[in-house]
Amino acid sequence: MKQYLVVLALLIGANGLFAGNCSNTKIDFTFYGGKKKDYIVTKNTFKKVKVTGNKLLGATAEIDLTSVDTSADMNNGKNGATNGPMWPASMANIRNNNTKNTLFKTAKTAKAKIVKVSGGIASVEIAINGKTKIIKMKKSGSSYQGKLNVTDFLPSAWKNFERLCKGFHRGKSFSELDIFFTPSKSCK
């Protein structure tokens with residue numbers, strides 16, 4: 001019985017070591033298309049993301065870009081209108097495959113690291129395809145929001161993606177994405 005109590009005490013103590021963990025940080029992005037940015041796809045995520053770190057400053061994320069998931073927002077309405085026509089669920093697979101097979105064909109992973117946090121701004125170093133850039137992300141509530149231009153990292157792949165998706169995106173695709181991350185409550 002005494003051995004079980006010792007094991008239980010060790011498990012509880014080990015649990016405390018991981019209390020400041022950032023691993024449950026959520027990452028997503030919003031894409032815009034249409035000549036007036038009237039085709040909007042929100043809450044795009046990646047199924048395979050590994051976030052490490054015990055504090056916001058220095059936390060890192062390794063993102064498998066080929067695990068892109070666009071299924072959360074199947075709205076095809078104008079300016080995100082919920083009363084617009086909906087894409088069928090199978091359209092998410094088409095969007096995911098178009099993105100994987102053109103945009104992320106050569107760049108399979110992205111790495112991000114929070115290098116500075118000051119005054120409600122997080123500076124995030126993002127590396128994709130051998131190129132690194134620091135993105136400033138402003139805190140809003142419990143989330144941070146910034147902008148990432150895909151052409152800074154994947155200019156040729158972007159042209160191919162834009163050409164392939166012209167009809168789906170109402171004639172125009174915008175390379176600037178809104179990116180968001182929401183750290184877990186224990187990640188400070």
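What follows draws every value from the coordinates through simple rules; no lab data is involved. Being a predicted model, the structure only gives us computed values, none of them experimental.
Some observations on this one:
- Extension gain, residue 116 to residue 57: 0.36 nm times the residue separation minus the Cα-Cα distance gives 20.6 nm.
- Near residue 48, the amide H atoms lying under 5 Å from its own belong to 64, 67; only residues 5 or more places off or on other chains count, and H is placed 1.01 Å from N.
- 3J(HN,Hα) from dihedral phi, region 53-60, Karplus parametrisation 6.51/-1.76/1.60, rounded to Hz, x for glycine, proline: x, 9, 9, 4, 5, x, 4, 10
- Counting only residues at least eight positions apart within a chain, or on another chain, the lysines with an alpha carbon under 18 Å from that of residue 35 are 78, 159, 166, 172.
- Alpha carbon centroid spacing (whole Å) that separates region 40-63 from region 146-188: 15
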